[in-house]
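Accompanying notes for the structure given below.
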Amino acid sequence: MTRKLIKSVINIENKEHEFIGEVSLLEQETWGKNDTLKIIGKEISRIDAVDKISGTASYTSDINLPGQLYGKFLRSPYPSAKILKIDLSKANALKGVKHILTYENTAKYKWYYETSFLLDPIVRYEGDEVAFVAAESEEIAEEALKLISIEYAKLPFVVDTEKASTEKNIKVHNWGNIVEPSEYKRGNIETGFADADFTIEDEFRTSVVLHNPTEPHCSVVNWDNDELVIYDSTQAVYQIRELAANALGIEQEKVRVIKKYMGGGFGSKLDLGKYTIAAAIVSRELKKPVKVVMDRKEQNLCVGNRPDSIQKFKVGIKKEGLLTALQLNSMGTVGAFPEGAGLSWPAKTMYKCPNLLVNEKSILTNAGAARAFRAPGHVQGIFGLESLMDECAAKLNMNPLEFRLKNYTEVDPVSNQPYTSKKLKEAYKKAADLIGWEDWKAAGSSKSVNRIGLGMASQIWWGGGGPPAHANIKLDKKGNITIYSGTQDLGTGTYTFIAMVASEVLQIPIERFNVVIGDTKLCPYAPVSGGSMTAPSVSPAVRDAAERLKEKLMDTAAILFDEEKNSIKYSNGFCVNSDGSKKVSLSEIAGHLNEQDLLIKGSRNENPKGYAINTFGAQFAKVEVDTLTGKVTVLKISASYDIGRVLNKLTLDNQIRGGIIMGLGYALMEERIIDENFGKVLTTNLHTYKIPTMMDIPEIVIEIASDYDPMISNTGVKGVGEPAIIPTAAAIANAVNNALGVRIKSLPITPDKVLIALYVSK
Amino acid sequence: MKTTIKFICNDRVISTNIHPAVSLLDFIRKQEHLTGTKEGCREGDCGACTVLLGELKGNEVIYKNVNSCLLPIGDVAGKHVVTIEGLNSDVLSPIQESFISETATQCGFCTPGFIVSLTSFVLNTNHFTFDSAVESIAGNICRCTGHISIKRAVSKMLTFIDPVFNGNRIEDLINKNFLPKYFLEIPVKLKGLSSETYEGKAVNSPEFVISGGTDLFVQKWEELIKTEVSFIPPSGDKEKIRVSGNFVIIKANTTITEFKESEIINKHFPALNEKLKLFGSLPIRNRATLGGNIINASPIGDMVNILLALDTKMYFIKDNGVRELPLNKFYLAYKTLDKQKDEILDEISIPIPAEDCLFNYEKVSKRTYLDIASVNSSILLAVHNGIINKINISAGGIAPVPKLLAQTGEFLLFKKISTDNVSEAIKIAMQEINPISDARGSADYKKLLLKQLIIAHFVTLFPDFVSIEELV
């Protein structure tokens, strides 16, 4: 028996999920350090690069099916209203309009955890879906939207998080504005504060931010007889298959989801879109393909965001620097439908603190619903916690790094389990050396117009991945090798690492492998590409498949040579017999096989029991603040991580740097702004919603502190996508405080906040 | 009048009767199925739709990178459009090679735009430096890589270039595989087209006369494709920027890039070149015009703020008549202009400042580049023996219209440059302004910021005469 069925629990994007699935029992030893390997860990150019640099890569928004219709949503202009009357007569009369869905003529497809419908007579945020038009062209569809006449009864609304949390009269849903408040306790908070030499109370805030991947959300759907084919710009082909089948009430096997290339997701493309289902309904009715592409405004209103946060802390510390108690009350808005705005995992797990009390609330407001956004919760939570840790260190006149080291923990404080690996101390040292931390001085030491500051922050996340995750490897009679896995490449390099892992095992060039992913019909199950779990889940399955293929090749060679299997040696794509007199290549073996194709299934192993699996890291920032204009310039960021084994140095560097720059945007410029008088979002385009450009990029230096995780899998890989963004904003905020001697306690740190803090509030 | 729009797209001549306000982006993606050009934002903010636009000047074609989402197809008539597909050939270009070897592509959606913009850079620049290459892609946004691998690719690309071109740059670039061979035939092909160039619809009184359109197509493109539009015709042989007596005369349809790179402007206004990098992004500067920025009447327009301080005068034409108006009298109220509908802004004039005149421009926005100011301010002044004998200070973002701070200027005129006088001037400036709170900042902040910018002017120009510590 080389497989078994198990149940596993994995934390994905801050939520625990249970899976039942098969795992591999083959105990391949984890590879040694990367310098003993030929391909893994090297700088390997991505295998999909030529498609991308030539513009020939086909994205979902580039797909056009013959005879397709174009779909567009009419969206509510009001943050809260009831639809009284719908008049479609003018729109239906427009030439080229083929179908219009409204709540009146459409079944009640449940949405948002059964708190609403695909089309609901109550609209709860600006952008909420009101009607769906399918027409012969995008232009006609847009024209038709203007011809639909809707009579609304405007309802009172609330868009401010704090206000909504106490509001008695204005309720986003009739059951209230607060989603499942949660409490966490450890030790005894009162005793903890009693033990402290000092207590500090402080409050930190962050803004709602928007994912803004460059490719808008889009789907092209078509019914092929009774099979629904969905081309979707998604991070999760299997999850979309399940959600779409459930939404439509059909068998999952009748849905095929395909995604080859996509223009980024960052969490916003983990969910099923209303546009996908509306298109499927119309497509089924009219027997034509339907294409829907969001525009940038829809993107910024309707397909997710990171909740804001208000984090109230009380912390107790001993004179020598030990944390005795930590209390956190936090809230954040999840928009108009139930989601989670929790952010306390860093407070619970980053440091050794015996007494903890956490209360968290997710607040409903009349705005677009939240969705997982690159390390949901942790990005907000680390900003608050790490700002607070700096305040503690300052209270004790202690170096911030020294303070953190005093509270370092060798076991997961929640489960009391040891880690499979934790190289955070090493990461601190490397990142500190890279920034020149020995130059650190207490906050506010500089009095010049342009002030330099240094700051740091720590990082923790999950990212161990887990089963079920499968990869099939197929060898055909001509010796072509194809690897299939139901994972996806968001641009992060999945195609490339799959070929690299197989190449390492089978010792033949990367170019020999054809990689097929992102297709539920062709590929075996693999998890969503979220939670930094793609590489740690999929790479072991690929290695498992490749090792099993190698075994099979050696078995076949043994038959061909008429020798015992254990006398056969495998090397560089050849099997050689015991005395070296006979040699047969992988392609030749394939030719000898009477089976047309050799199809071998590889699977990820079970995670080790009794251990916590986490990624760790630290970032240090050097900033310059112009006290005349309030402008903050980040000069340098250093980063070091324990993320297990590096698969591909080039794509790893890109992931980390991309995360840091997204974190820089979060720290300095990104925020969704809503006009409170009208409940309308003011930042719906890329002009008003600012993301970093080429000119905002500091020097970034990276050193990886880990060789590989010795326990989790045959590749020892942990994820990096989310760890990359987590500490950046906190490190920058701490550096700004270090430069000015004044702390900006809310993100983003825009020039106005700096000037006001310097000249008005003091 | 010819109403068929003819142009060359990559290596093919295209002929279409589509509405002239349809965006080039929609045309190439939907009609021509050239899907390498991506739609990211449709507002000129992301650069995913960047294409090259080549215009015949004499026997040469001059190429610029532009945002195809904001480019009406009527304005492409007689020109050469190059999409990413039009840069591909049997071999990869050194730019593409560099992007591969440095993994400067991640999700890849923005990549074609970067490749096109860098191709425009090698076609145009006289400064093959890393910084100017990076500036050329400041209008292209990547959300995945953090831009650093792209910067590495830029460095690598530069190693393929010998900055000295032997004669024809396009030939050289073809020989080095930066461009496919068909580029050589384009000038002749374009000349063939020019005799039958589209002249716009025969419209007597068009609803919109378009000059650039980089803001108009953001605000009103749905309206534009349903109405009559015409385009400011080319200026013919007349130079767009010329010197006449003590004035520089500039055609209203001069692009910001043409203005920024003009020898005349750089000679008489040397401080401007660096400051104009803060205007939009290169593809926007390549299309946006001085006239457009003036008529657009944004209270925080960069160009208007600068022109106000430079004593600019405007010349409108209507039925062969010409009307002259100082720019500071043009804005009556928010987006309300002293201009009749059928008047067209033809030229502006700027007096050439005396040699000892100093100029400074300050702008603060949430993002340094590719952003609109929260507050901006320009200053032009001349000082003799420590006494100010000429001064203009303009400010934007602090009133419904772009403003010359007349009383502030008047106070400082004939005064010494000193901490006390600047401090007093700031008090007067605060009385002259009336900002509102909006997404770019609160009213109080904008007042504070203008104060800081006035201090910044004097600290920058006269660091030895004023004390920053006392002023703040």
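The values are calculated or read from the model by the stated rules, or taken from the named source; none is laboratory data. Values in this document were obtained by computation on a predicted structure and should not be read as measured data. All Cβ positions, even for glycine, are placed from backbone atoms using ideal geometry, and neighbour counts span all protein chains on display. All accessible areas refer to the heavy atoms of the entire protein, side chains included, with ligands and DNA or RNA removed. Shrake-Rupley method; radii C 1.70, N 1.55, O 1.52, S 1.80 Å.
Things worth noting here:
- Per the conditions (1) acidic (Asp, Glu); (2) more than 30 Å from B:Cys107 (Cβ to Cβ); (3) modelled with pLDDT under 95, the sole criterion not satisfied by A:Asp224 is (2).
- Tally, over segment B:354-398, of residues that are open to solvent by 20 Å² or more (accessible area, probe 1.4 Å), in a strand (DSSP E or B) and within 14 Å of chain A (Cβ to nearest Cβ): 2
- Identity of the residue in segment A:683-716, surrounded by fewer than 24 Cβ atoms within 10 Å (Cβ to Cβ) and of a type in the set (Asp, Glu), that ends up farthest from A:Asp642 (Cα to Cα): A:Asp696
- Among the residues making up segment A:73-106, those that are assigned to a loop (DSSP other than H, G, I, E, B) and in contact (Cβ under 8 Å) with a residue 12 or more places away in the chain are A:Ser76, A:Pro77, A:Tyr78, A:Pro79, A:Ser80, A:Leu88, A:Leu94, A:Lys95, A:Gly96, A:Tyr103, A:Glu104, A:Thr106.
- Selection within segment B:235-248: residues that are touching a strand residue (DSSP E or B) at 6+ places or on another chain (Cβ under 9 Å) and modelled with pLDDT under 80. The member of this set that is farthest from the other protein chains (Cβ to nearest Cβ) is B:Lys238.
- All conditions but one from (1) open to solvent by 10 Å² or more (accessible area, probe 1.4 Å); (2) within 9 Å of chain A (Cβ to nearest Cβ) apply to B:Ile141; the one that does not is (1).
- The residues in segment A:38-48 that are touching a Gly at 6+ places or on another chain (Cβ under 8 Å) and facing chain B (nearest Cβ under 7 Å) can be counted, and the count is 1.
- Among (1) open to solvent by less than 20 Å² (accessible area, probe 1.4 Å); (2) part of a loop (DSSP other than H, G, I, E, B), the one test that A:Phe620 misses: (2)
- Filter result for A:Thr627 (of a type in the set (Ser, Thr, Tyr), within 12 Å of another protein chain (Cβ to nearest Cβ) and within 28 Å of B:Cys41 (Cα to Cα)): no
- Checking segment A:552-570 against the condition returns a match, with at least one residue being more than 17 Å from A:Lys474 (Cα to Cα), part of a strand (DSSP E or B), assigned by TED's automatic domain parsing to the domain that holds A:Gln488 and open to solvent by 10 Å² or more (accessible area, probe 1.4 Å).
- Which numbered condition A:Ile250 fails, given (1) surrounded by fewer than 24 Cβ atoms within 10 Å (Cβ to Cβ); (2) assigned to a loop (DSSP other than H, G, I, E, B); (3) within 14 Å of chain B (Cβ to nearest Cβ): (3)
- Residue in segment B:399-417 that is touching a residue at least 40 places away in the same chain (Cβ under 8 Å), within 14 Å of chain A (Cβ to nearest Cβ) and either outside any helix (DSSP H, G or I) or open to solvent by 30 Å² or more (accessible area, probe 1.4 Å) (or both) present: no
- Any hit, segment B:74-83, residues being touching a residue at least 40 places away in the same chain (Cβ under 8 Å), under 29 Å from A:Thr60 (Cα atoms) and within 10 Å of chain A (Cβ to nearest Cβ): yes
- Tabulated pairs, segment A:406-434, first at positive phi, second surrounded by fewer than 18 Cβ atoms within 10 Å (Cβ to Cβ) and at pLDDT 95 or above, C-beta under 9 angstrom, 6+ apart or interchain: none
- Complete set of residues in segment A:607-644 that are closer than 25 Å to A:Pro346 by Cβ, of a type outside the set (Gly, Ala, Ser) and in contact with a helix residue (DSSP H, G or I) (Cβ under 7 Å, 6 or more places away or on another chain): A:Phe616, A:Gln619, A:Phe620, A:Lys622, A:Val623, A:Val632, A:Val634, A:Lys636, A:Ile637, A:Tyr641, A:Asp642
- Residues that are part of a helix (DSSP H, G or I) and open to solvent by 30 Å² or more (accessible area, probe 1.4 Å), drawn from segment A:571-614: A:Ser587, A:Glu588, A:Gly591, A:His592
- Residue that is most open to solvent (accessible area, probe 1.4 Å), among those in segment A:648-676 that are at the interface with chain B (Cβ under 7 Å from one of its Cβ atoms) and more than 14 Å from B:Thr145 (Cβ to Cβ): A:Ile673
- The residue list B:Gly113, B:Gly74, B:Gly108, B:Gly86 contains one member that is open to solvent by less than 10 Å² (accessible area, probe 1.4 Å), within 23 Å of B:Leu278 (Cβ to Cβ) and not hydroxyl-bearing (Ser, Thr, Tyr), which is B:Gly113.
- Among the residues of segment A:717-747, those identified as in a loop (DSSP other than H, G, I, E, B), in contact with a strand residue (DSSP E or B) (Cβ under 8 Å, 6 or more places away or on another chain) and surrounded by 24 or more Cβ atoms within 10 Å (Cβ to Cβ) are A:Lys718, A:Gly719, A:Val720, A:Glu722, A:Pro723, A:Ala724, A:Ile726, A:Pro727, A:Leu747.
- Options B:Phe160, B:Phe121; residue that is under 22 Å from A:Ala49 (Cβ atoms), more than 9 Å from chain A (Cβ to nearest Cβ) and assigned to a helix (DSSP H, G or I): B:Phe121
- Hits in segment A:579-600 (condition: under 42 Å from the mean Cα position of the chain (by Cα) and hydroxyl-bearing (Ser, Thr, Tyr)): A:Ser585, A:Ser587
- Unmet requirement for A:Glu320, which otherwise passes all of (1) among the charged types (D, E, K, R); (2) more than 15 Å from A:Glu162 (Cβ to Cβ); (3) surrounded by 22 or more Cβ atoms within 10 Å (Cβ to Cβ): (3)
- Unique match (being under 30 Å from A:His470 (Cβ atoms) and in contact with a helix residue (DSSP H, G or I) (Cβ under 9 Å, 6 or more places away or on another chain)) among A:Glu320, A:Glu242: A:Glu242
- Of all the criteria given as (1) away from chain A (no Cβ under 11 Å); (2) open to solvent by less than 20 Å² (accessible area, probe 1.4 Å); (3) more than 23 Å from B:Ala288 (Cβ to Cβ), the one not satisfied by B:Asn17 is (2).
- If the condition is being over 15 Å from A:Asp626 (Cα atoms), in contact with a Phe, Trp or Tyr (Cβ under 8 Å, 6 or more places away or on another chain) and open to solvent by less than 70 Å² (accessible area, probe 1.4 Å), then segment B:422-470 contributes B:Val422, B:Ala425, B:Ile428, B:Phe458, B:Val466.
- Candidate set from segment A:157-197 (those that are among the aliphatic types (A, V, I, L, M) and within 29 Å of A:Pro413 (Cβ to Cβ)); member that is surrounded by the fewest Cβ atoms within 10 Å (Cβ to Cβ): A:Ala194
- Check on B:Glu97, surrounded by fewer than 24 Cβ atoms within 10 Å (Cβ to Cβ), facing another protein chain (nearest Cβ under 7 Å) and not aliphatic (A, V, I, L, M): no
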